[in-house]
Amino acid sequence: MGVKCLPKNLTRRKFLATLGLAVAGSGLYVRVIEPRWLTIGRHTVKLGLKDSGPPLRILHLSDLHASQVVSLSFIGEAVQLGLSLKPGLICLTGDFITRGYKTLDGYAEVLKPLAANAPTFACLGNHDGGVWAARRRGHADTNRVREMLAKAGVTLLHNAAKTIRIRERDLRLVGLGDLWAGELQPMLAFDSPQPTTTDATIVLSHNPDSKEALKPYPWDLLLSGHTHGGQMRLPFIGAPFAPVRDKRFVEGLYRWSDRWIHVTRGVGNLYGVRFNCPPEVGLLTLV
């Protein structure tokens with residue numbers, strides 16, 4: 001019965017062989033092609049900044065996930081692509097490694113060009129060490145990643161804030177500990193002395209689900225990763241594997257409670273696969 005449904009010149013054997021090639025080709029695509037297909041996610045964020053000076057461009061990188069399936073050379077490609085966009089500020093939102101990745105000697109050299117070109121700030125993710133990571137054969141603390149970032153010249157904001165002046169604008173940067181690691185402490189982060197006037201407050205928090213805990217505090221833009229954009233986006237279904245409770249915030253720029261949230265798909269991945277969800281470097285233009 002099934003054979004009669006096939007074209008006359010297509011035998012069952014040829015059909016199964018063709019199907020096998022399609023499946024194999026799909027496996028090749030999701031493991032070899034799309035995970036290395038770097039894209040640029042461009043968004044304009046309307047914050048009502050004062051008119052003096054050109055628009056401010058922020059490079060947002062997240063989920064670099066150095067591991068056996070994400071090489072330092074590929075992370076270096078993402079760094080160079082991001083720098084080619086000429087950002088005035090660079091924000092890194094965690095998961096620099098996957099679980100217990102230990103080959104960190106050359107990592108700082110890969111990230112050094114970021115801080116050499118623009119002020120660069122970071123927060124940590126759940127894979128970077130701590131309670132969550134330790135339960136999954138990861139590092140018990142974040143010391144290795146902290147040391148690597150320091151060598152790269154990246155300023156880590158861990159439940160801390162800093163005010164910087166870029167292109168005649170005063171920006172308040174607030175960095176949070178990771179939600180899953182149990183280190184999210186907004187009260188501590190926002191408690192540091194704040195200048196009387198700032199043009200915008202930008203929050204770095206790895207997991208976009210942290211927005212609920214941040215709701216009582218003053219901020220304009222939240223930068224997050226963690227989701228990998230879902231990593232596998234299925235037709236008619238979306239991103240069922242996105243590791244967030246609020247599935248509305250998986251990738252892209254969103255308006256939420258009179259504020260903005262940007263969730264990047266990230267650079268790396270877990271398990272070496274991506275489908276319908278290529279890696280990206282994010283470029284946000286603040287106006």
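Below is a table of values for the structure above.
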| item | result |
| --- | --- |
| For the chain, the fraction of alpha-carbon pairs in successive 5 Å shells from zero, as % | 1, 6, 12, 16, 18, 16, 11, 6, 4, 3, 2, 2, 1, 1, 0, 0 |
| Rounded to 5, percent antiparallel among DSSP beta bridges of segment 211-286 | 55 percent |
| Unsatisfied cross-links (Cα-Cα over 21 Å) in the set K50/K211; K102/K247; K86/K247; K102/K151; K215/K247; K46/K211 | K50/K211; K102/K247; K86/K247 |
| Dipole magnitude (debye, nearest 20) for segment 189-234, charges at Cβ of Lys, Arg, Asp, Glu | 200 debye |
| Computed magnitude of the charge dipole of the chain (debye, nearest 20; Cβ of K, R +1, Cβ of D, E -1) | 1320 debye |
| Cβ-based net charge around L49, under 11 Å, with every Lys or Arg adding one and every Asp or Glu removing one | -1 |
| DSSP bridge orientation in segment 13-286 - percent antiparallel, rounded to nearest 5 | 35 percent |
| Relative contact order (%) - criterion: Cα under 8 Å, at least six apart; region: segment 13-286 | 26 percent |
| Highest-MSF residue in the chain out of W37, W132, W219 [GNM, Cα springs under 10 Å] | W37 |
| Residue-count net charge about L157 - beta-carbon cut-off 15 Å; Lys, Arg +1, Asp, Glu -1 | -1 |
| Leading residue at positive end of dipole, segment 20-117 (Cβ point charges), from I97, A116, L56 | L56 |
| Charge dipole of segment 13-286 about the Cα centre (unit charges at C-beta), most positive-ward option of I202, I166, W260 | W260 |
| In Hz, Karplus ³J(HN,Hα) per residue of segment 228-233 (6.51, -1.76, 1.60; θ = phi - 60°; x = Gly, Pro) | 6, x, x, 6, 10, 9 |
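Just so you know, all these numbers are worked out from the coordinates, no wet-lab data involved. Keep in mind that what you see is a predicted model, and the values were worked out from it rather than measured. Methodologically, a virtual Cβ is constructed for each residue, glycine included, from the backbone with ideal geometry; neighbour enumeration extends over all protein chains shown.
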